[in-house]
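Peer 1: One structure, as structure tokens, below. Some questions next.
The values are calculated or read from the model by the stated rules, or taken from the named source; none is laboratory data. Remember, predicted model here, so these are calculated numbers, not experimental data. Using ideal geometry, Cβ is built from the backbone for each residue, glycine included, and neighbour counts are taken over all protein chains shown.
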Amino acid sequence: MLAFLKKPVVVTVEINMNLVALTVMGLISRLWGLSYPRAVVFDEVYYGQFVSLYMKRIFFVDDSGPPFGHMLLALGGYLGGFDGNFLWNRIGAEYSMNIPVWSLRLLPALAGALCVPLAYQILVELQSSHCAALGAALLILIENSLITQSKFMLLESILIFFILLAVLSYLKFYNLQRQRSFSGSWWFWLLLTGVACSCAVGVKYMGLFTYMLLLTIAGLHFWHMIGDQNFSNVSLMCHFLARGLALIIIPVAMYLSFFYVHLTLLYRSGPHDQIMTSAFQASLEGGLARITQGQPLEVAYGSQITLRNVLGKPMQCWLHSHTNTYPIRYENGRGSSHQQQVTCYPFKDVNNWWIVKDPGMQQLVVSNPPRPVRHGHIVQLVHGITTRYLNTHDVAAPLSPHSQEVSCYIDYNISMPAQNLWRVEIVNRESDTDVWKTILSEVRFVHVNTSAVLKASRFIGASLPEWGYRQLEVVGEKLSKGFHQSMVWNVEEHRYGKSQEQKEREVELHSPTQMDISKNLSFMAKFTELQWKILTLKNEDTEHKYSSSALDWITMDTNIAYWLHPTSGAQIHLLGNVVTWASANVAALVYACLSLWYLIRRRRQIYDIPEDVWQLWVSAGGICVGGWAVNYLPFFLMEKTLFLYHYLPALTFQILLIPIVLQHLSNHLCRSLLLKSMFSALIIAWFSSVYAVYRTFSPVTYGDPSLSVTELKDLRWKDSWNILIRKQ
Amino acid sequence: RPFSASWWFWLSLTGVNLAGAMGVKFVGLFVVLLVGLNTIYDLWDLLGNLSLSLVMFGKHLLARVLCLILLPLALYTAMFAVHFTVLNKSGPGDGFFSSAFQSQLIGNNLHNVSIPEHLAYGSVVTMKNLRMAGGYLHSHWHLYPEGIGARQQQVTAYLHKDLNNLWIVKKQDSDTADLSDPSSPVEFVRHGDIIRLEHKETSRNLHSHQHEAPLTRKHFQVTGYGINGTGDSNDFWRIEVVGRKSGKLIKVLRSQVRLTHVATGCILGSSGKTLPKWGWEQVEVTCTPYLKETPNSLWNFEDHINPKLPNISLDVLKPSFAEILLESHMVMIRVGYGLKPKDNEVTSKPWHWPINYQGLRFSGVNETDYRVYLLGNPVIWWLNLVTIGLYLLIALSTAVTLKRGVQLTSELKELSRVVLCGGGQIMLGWLLHYLPFFMMGRVLYFHHYFPAMLFSSMLTGITWDTLLKFCAGFLSPNTTARKVYGGGFLALVLLIMYSFYLFHPLSYGMIGPMASDPSSPMAGLRWMDSWEF
């Protein structure tokens, strides 16, 4: 117990000066002049608006990825005391004084800086020499594109940091595996792998590729363990469970927790409300919640309701009618029933109110106790202001002639009887006797006579001509094939009708709803909806001046102009270090050819290199080439707009491969001493050229100093690069 | 017996059938992939066999290259050669192809064409987009609908030949009148000139302005504007030929032309997207501010009518067979790719298929019609589905058992070999024929699953056979074991035959009330609500 009294307390600290020096250099290269330029640079205009919304706690949906990355950026803003008041509308706009530019850009820069020591450590764990590891770290350090991307409020550097962290932790874990399974550090690195993976996925969905790669590698390693007779069945089971916990369950839980924090932080209604369902909107403060608070939950006969179409695209709309009728003849000569128009109207209006009526009874008020409407019940829908019944019949609809016209029935006494019975089908019911609930139930109205389904036409240009006030068409869809959201409706506003007389009822319809029951969605329901919206929401085509195709990236045939000084020629470009990119490609090619050569020779029982060297060669390739491939090749299958910065994670892996290949060449292919020294000289010359290129391009990497026109023209090494030159 | 006659026969038959599969439908590509993977595995095996000399291995390799790559390729090309020779007349699909391709078709106006060689002012021309399967610059009397840019006349790209594709080339500042005067001298259009294009039928000028285009929101809208050829300064276009100096003449058919809008600096192009109903589902034409060199923004002049110029026979457009082959493939891919589901159309999804979620109505809708409904035999389909899960379970446990080094009897070893090697190959076939459909954006149908279903059924056979043998192996007397095996086998076959009997009216046709009606004889068989027979 008191041993420390007998012996002095000794703390031995081992410091790898390489690591320290690399970290410091990384910090200097990324943090240098961080708040310059004091203007919105490239995608900061995009991420900035989300940071502002976080500061104001306003709900938003961003289809570009999960919220963790945005939250990290917002954390920077929070620490810097940002109040969220800035209009993010133009790249190059000057930042106002209230914006803590330095702290907003700090986290990405730190992440970018830490990638340098991470690269060093990864190579050390791959059993490379310290010299090779140092080389890899230096290559990352002076890679212009990584520096540019780290210095601004962008997500790629954070993503790369987590990806590298995950790879490093897995390697550490795997190397500990041999001696000390289930020790403290073993658990630490295993858990860190899972955590880093989930963070990477949480920043951008691209992180999934690396996560899958690591899962595959872990699976392979475990498969080898199965074949190892030294493990008992029980210990194999323990290993399996530990991996399952750390690599699958924890990442999933972390991912959910990002959304939990996101939804907890953002509790106010905002600009993206209308893409969410009514139930979700009602859970946000302000907006719909103000209106729906205190509505009765169960829809009963006599209820006054507004019906919102569940498909919120391209805009939300409510079932609507007004006193105008369909024109007797349309422009193209087709006839109509000349009955009262029924439309879908994108704005709140007193004409959106409908009353649910029991076909067997005359009264339009809710009885006491209320009789709730259930799934399968037959109802009539009465338009509140005009007291006409929702009706459909075998007349072609105005814009979609294949569907039935929907109208409010006027009895012209011309042997066209009313067909106004509708069956209520609750789509998301749990049992067949479910009650129709406000907001929560999604309902289809099936016409009893023709089994047509009430539907809002949602194709582009579905708005009616002048006579229909450009409101959206509503039809009865006869081919009830399958399920589409445009056929589903939910009750948004709701109250129990009390007045039997039409005059009183009009007053009642105009008055705001008020009663009390509050509804709350569970977290999982909210998460599922938000996740689904993020995955399915498609931004309208976004062609961009600097967008590129995946094939342009390997040879760097493209660049992105990030920022241009308003008056001088100073500018910032995303432009890589040409020599590094080319050497990385060569390294990958050499690796592939050499591996194939070794593999074929090994198949014929010819062993060129020792077995352990071969194992290392394969595992290093699995990580570096595999990491490059999984982060690059999927882009060929994607249809979204692509930019050069999408290639940076793949590039990072490819850069790590260069020193590995060089080291292998020097150790195993340069047999004589003379050859070896010549090779070293070559490497030094090559590295100096990398450094020279870094220096040459650093003015457009840091945006400082400003270059003259001739200097800029000299930098345009490829015709396809877009260096901005001011016209004199 | 490698290199024996029957060995060669079966190898080359594989090649022939690969070509056949490819030639019938592009889905055949998946079976080519399967055979390719198998061959690579096989060669890898041979390479590891040290008793085989390298020369021998080279022979194996060459034989496979010959029979599995060169032979199918030759057959496949031959099919197209026959196709092009037989179909040598012009038809409705001409507009999908480039000018060069069209000149090969008898009856096409470009066949043995003789037209004025250089573009002149006053000429009537058609302009074709250089994108593969790009259309002709087109306009018609209809206006863009309200809310979509300015309410002016639509300009589109149209894939078919039509009088509305004709445009008149005019000078920036002159009228039609003085050009049609036969006595006035002919003036040629030169690279870098500023011109106007007047639509012949409607006399409106090709016009662009800073309104967003209907579909590609970041481009500018292109419209027809003005009355009787009188418009405004937004009607001016600079005409440039790719890779040529200014002042040179512009050749019909051969010059690749770019039209730059003078006022905004954007380039006339076709985005390749199909307009909705209001645009008659023709292709969108925009003016793109992004100055990238793509075929989308390049055009050539195809028809050229100018009575004042002598017609010259142009024999320059002789595309080689390889070019024709390549182009016809590009057109096929593009057209197939364009078969996208329309707005709100309910289509078949790949996940529907293995669970037999939805069939396809082949004929007949009403009760009185003779109806045929394409639907898998649900018993087989669901048995297949269950078996895939079962197989994965069996294969995994077998693999783990072997990996753990458990000693097996020779019978069990044989069974595990069948499960892992035989079953694995079939499983790979199923995956290759099924998974790619998840990544396709085009319209899919239930019958796309049929090749995969064949593999799935074979897998079912292997799995149940193995399972029955495995169970029978536990029973001690040989006779009981054989009884169990035979009984199980018989039960499965009878079950399948009975289900065929139950569902045969679907494929051979039925008449009478729909199955949703309880009085129908098929009512009891409508096991899923999504079936509509």
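Peer 1: Scanning the range A:58-75 for residues that are surrounded by fewer than 22 Cβ atoms within 10 Å (Cβ to Cβ) and at pLDDT 90 or above, which turns out nearest to A:SER283 (Cα to Cα)?
Peer 2: Out of the qualifying residues, it is A:MET71.
Peer 1: Taking the range B:62-98 on its own, how many of its residues are farther than 28 Å from B:ALA157 by Cα and in contact with a strand residue (DSSP E or B) (Cβ under 9 Å, 6 or more places away or on another chain)?
Peer 2: Residues meeting the conditions: 0.
Peer 1: Given the structure, is A:GLY244 more than 14 Å from chain B (Cβ to nearest Cβ) and either touching a residue at least 60 places away in the same chain (Cβ under 8 Å) or not in a helix (DSSP H, G or I) (or both)? Break it down into steps so the answer makes sense when it comes.
Peer 2: Working: more than 14 Å from chain B (Cβ to nearest Cβ): yes; either touching a residue at least 60 places away in the same chain (Cβ under 8 Å) or not in a helix (DSSP H, G or I) (or both): no.
No: the conditions fail for A:GLY244.
Peer 1: Given the structure, is B:GLU281 more than 14 Å from every other protein chain (Cβ to nearest Cβ), of a type in the set (Asp, Glu) and touching a strand residue (DSSP E or B) at 6+ places or on another chain (Cβ under 6 Å)? Spell out the reasoning first.
Peer 2: Numbers: more than 14 Å from every other protein chain (Cβ to nearest Cβ): no; of a type in the set (Asp, Glu): yes; touching a strand residue (DSSP E or B) at 6+ places or on another chain (Cβ under 6 Å): yes.
Judged against the criteria, B:GLU281 is not a match.
Peer 1: Can you tell me which of A:LEU104, A:LEU176, A:LEU118 is within 28 Å of A:VAL578 (Cα to Cα) and of a type outside the set (Lys, Arg)? Show your work before the answer.
Peer 2: Numbers: A:LEU104 fails: within 28 Å of A:VAL578 (Cα to Cα); A:LEU176 fails: within 28 Å of A:VAL578 (Cα to Cα).
Going through A:LEU104, A:LEU176, A:LEU118 in turn, the sole match is A:LEU118.
Peer 1: Starting from residues that are over 19 Å from B:LEU275 (Cα atoms) and in a strand (DSSP E or B), keep the ones in the range B:195-208 and report whichever is nearest to the other protein chains (Cβ to nearest Cβ).
Peer 2: Taking the range B:195-208 first, the residues over 19 Å from B:LEU275 (Cα atoms) are B:195-205.
Cutting the leftovers down to in a strand (DSSP E or B) gives us B:195-199, B:205.
Values: B:ILE195: 26, B:ARG196: 28, B:LEU197: 25, B:GLU198: 28, B:HIS199: 23, B:ASN205: 26 Å.
Filtering the range B:195-208 for residues that are over 19 Å from B:LEU275 (Cα atoms) and in a strand (DSSP E or B), the one nearest to the other protein chains (Cβ to nearest Cβ) comes out as B:HIS199.
Peer 1: If you don't mind, another one. For the range A:116-158, what are the residues that are farther than 20 Å from A:LEU648 by Cβ and either within 27 Å of the chain's Cα centre (by Cα) or in a loop (DSSP other than H, G, I, E, B) (or both)? Full working, then the answer.
Peer 2: Applying the first criterion (farther than 20 Å from A:LEU648 by Cβ) to the range A:116-158 yields A:124-134.
Selection gives A:LEU126, A:GLN127, A:SER128, A:SER129.
Peer 1: Now for a different question. Criterion first (modelled with pLDDT of 85 or more, of a type in the set (D, E, K, R) and under 20 Å from B:ASN384 (Cα atoms)) does B:LYS413 satisfy it?
Peer 2: Numbers: modelled with pLDDT of 85 or more: yes; of a type in the set (D, E, K, R): yes; under 20 Å from B:ASN384 (Cα atoms): no.
No: the conditions fail for B:LYS413.
Peer 1: Between residues in the range A:666-680 that are more than 17 Å from A:CYS593 (Cα to Cα) and residues that are outside any helix (DSSP H, G or I) and of a type in the set (Gly, Ala, Ser), which pairs lie under 6 Å by C-beta distance while being six or more apart or on different chains?
Peer 2: So the pair list comes out empty.
Peer 1: Only one of B:THR274, B:THR223, B:THR230 is closer than 26 Å to B:SER203 by Cα, modelled with pLDDT of 85 or more and among the polar types (S, T, N, Q); which?
Peer 2: Matching residue, one of B:THR274, B:THR223, B:THR230: B:THR223.
Peer 1: Can you tell which of A:GLY482, A:GLY497 is modelled with pLDDT of 75 or more and either surrounded by 18 or more Cβ atoms within 10 Å (Cβ to Cβ) or within 14 Å of chain B (Cβ to nearest Cβ) (or both)? Before the answer, list the steps.
Peer 2: Values: A:GLY482 fails: modelled with pLDDT of 75 or more.
The unique qualifying residue is A:GLY497.
Peer 1: Report, by residue number, each residue of the range A:386-435 that is more than 26 Å from A:ARG329 (Cα to Cα) and surrounded by 15 or more Cβ atoms within 10 Å (Cβ to Cβ).
Peer 2: Quick first cut of the range A:386-435, residues more than 26 Å from A:ARG329 (Cα to Cα) only: A:421-435.
Answer for the range A:386-435, where residues must be more than 26 Å from A:ARG329 (Cα to Cα) and surrounded by 15 or more Cβ atoms within 10 Å (Cβ to Cβ): A:LEU421, A:TRP422, A:ARG423, A:VAL424, A:GLU425, A:ILE426, A:VAL427, A:ARG429, A:ASP434, A:VAL435.
Peer 1: So is B:SER208 over 30 Å from the mean Cα position of the chain (by Cα) and exposed (fewer than 15 other Cβ atoms within 10 Å of the Cβ) or not?
Peer 2: no
Peer 1: Restricting to the range A:220-263, what's the tally of residues that are within 18 Å of the chain's Cα centre (by Cα) and more than 22 Å from A:TRP189 (Cα to Cα)? I'd like the intermediate steps shown before the answer.
Peer 2: Going through the range A:220-263, the residues within 18 Å of the chain's Cα centre (by Cα) turn out to be A:251-263.
Right, trim to more than 22 Å from A:TRP189 (Cα to Cα) and you get A:259-263.
Residues meeting the conditions: 5.
Peer 1: Considering every residue within the range A:48-56, establish whether at least one is among the basic types (Lys, Arg) and at pLDDT 90 or above. I'd like the intermediate steps shown before the answer.
Peer 2: Within the range A:48-56, the first condition is being among the basic types (Lys, Arg), and the residues that meet it are A:56.
Adding the requirement that they be at pLDDT 90 or above leaves none.
Taking every residue of the range A:48-56 in turn, none turns out to be among the basic types (Lys, Arg) and at pLDDT 90 or above.
Peer 1: Quick check on my filter: what residues within the range A:429-476 are within 14 Å of another protein chain (Cβ to nearest Cβ), under 28 Å from A:PHE280 (Cβ atoms), assigned to a loop (DSSP other than H, G, I, E, B) and hydrophobic (A, V, I, L, M, F, W, C)?
Peer 2: Scanning the range A:429-476 gives A:PHE459, A:ILE460, A:ALA462.
Peer 1: Looking only at the range B:437-475, count how many residues are within 14 Å of chain A (Cβ to nearest Cβ), part of a helix (DSSP H, G or I) and either farther than 26 Å from B:ILE333 by Cα or touching a residue at least 12 places away in the same chain (Cβ under 8 Å) (or both).
Peer 2: 3
Peer 1: Something else about it: Restricting the search to the range A:677-728, which residues are in contact with a helix residue (DSSP H, G or I) (Cβ under 9 Å, 6 or more places away or on another chain), modelled with pLDDT of 90 or more and over 27 Å from A:TRP553 (Cα atoms)?
Peer 2: A:PHE679, A:SER680
Peer 1: Another question, if that's okay. Can you tell me which residues in the range A:700-728 are free of Cβ contacts under 8 Å to residues at least 12 places away in the same chain and either in contact with an Asp or Glu (Cβ under 6 Å, 6 or more places away or on another chain) or within 18 Å of A:GLY576 (Cβ to Cβ) (or both)?
Peer 2: A:ASP714, A:ARG716, A:ASP719 - these are the residues of the range A:700-728 that are free of Cβ contacts under 8 Å to residues at least 12 places away in the same chain and either in contact with an Asp or Glu (Cβ under 6 Å, 6 or more places away or on another chain) or within 18 Å of A:GLY576 (Cβ to Cβ) (or both).
Peer 1: Where in the range B:43-160 are there helices (runs of 4 or more DSSP H), lying wholly inside it, with at least 3 residues that are without any contact (Cβ under 8 Å) to a residue 40 or more places away in the chain and more than 14 Å from chain A (Cβ to nearest Cβ)? First the steps, then the outcome.
Peer 2: On the way: elements: B:54-64, B:71-86, B:99-102.
So the answer is B:71-86.
Peer 1: Here's something else I'd like to know. For the range A:601-612, what are the residues that are surrounded by 13 or more Cβ atoms within 10 Å (Cβ to Cβ) and hydrophobic (A, V, I, L, M, F, W, C)?
Peer 2: Scanning the range A:601-612 gives a single hit, A:ILE609.
Peer 1: Here is a follow-up. With the condition kept exactly as written, say whether any residue in the range A:554-562 is more than 14 Å from every other protein chain (Cβ to nearest Cβ), within 27 Å of A:ALA93 (Cβ to Cβ) and surrounded by fewer than 19 Cβ atoms within 10 Å (Cβ to Cβ).
Peer 2: No.
Okay, residues lined up against (1) on the phi < 0 side of the Ramachandran plot; (2) in contact with a helix residue (DSSP H, G or I) (Cβ under 6 Å, 6 or more places away or on another chain); (3) surrounded by fewer than 16 Cβ atoms within 10 Å (Cβ to Cβ); (4) within 14 Å of chain A (Cβ to nearest Cβ):
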{"position": "B:LEU253", "(1), (2), (3), (4)": "no, yes, no, no"}
{"position": "B:THR260", "(1), (2), (3), (4)": "yes, no, no, no"}
{"position": "B:LEU275", "(1), (2), (3), (4)": "yes, no, no, yes"}
{"position": "B:CYS287", "(1), (2), (3), (4)": "yes, no, no, yes"}
{"position": "B:TRP299", "(1), (2), (3), (4)": "yes, no, no, no"}
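Peer 1: Scanning for something in contact with a strand residue (DSSP E or B) (Cβ under 6 Å, 6 or more places away or on another chain) and in a helix (DSSP H, G or I), does the range A:628-644 turn up at least one residue?
Peer 2: Scanning the range A:628-644, I find at least one residue that is in contact with a strand residue (DSSP E or B) (Cβ under 6 Å, 6 or more places away or on another chain) and in a helix (DSSP H, G or I), so the answer is yes.
Peer 1: Has the range B:217-232 got any residue that is in a loop (DSSP other than H, G, I, E, B), free of Cβ contacts under 8 Å to residues at least 40 places away in the same chain and within 14 Å of chain A (Cβ to nearest Cβ)? Give the steps one after another, and end with the answer.
Peer 2: Taking the range B:217-232 and keeping what is in a loop (DSSP other than H, G, I, E, B), we get B:217-219, B:226, B:228-229, B:231-232.
In the following step, the residues that additionally are free of Cβ contacts under 8 Å to residues at least 40 places away in the same chain were identified as B:217, B:226, B:228, B:231-232.
With within 14 Å of chain A (Cβ to nearest Cβ) added as a condition, the list becomes B:217.
There is at least one residue in the range B:217-232 that is in a loop (DSSP other than H, G, I, E, B), free of Cβ contacts under 8 Å to residues at least 40 places away in the same chain and within 14 Å of chain A (Cβ to nearest Cβ).
Peer 1: Considering only the range B:271-292, state which residues are part of a strand (DSSP E or B) and hydrophobic (A, V, I, L, M, F, W, C).
Peer 2: Taking the range B:271-292 and keeping what is part of a strand (DSSP E or B), we get B:271-274, B:283-288.
Of everything in the range B:271-292, those that are part of a strand (DSSP E or B) and hydrophobic (A, V, I, L, M, F, W, C) turn out to be B:VAL283, B:VAL285, B:CYS287.
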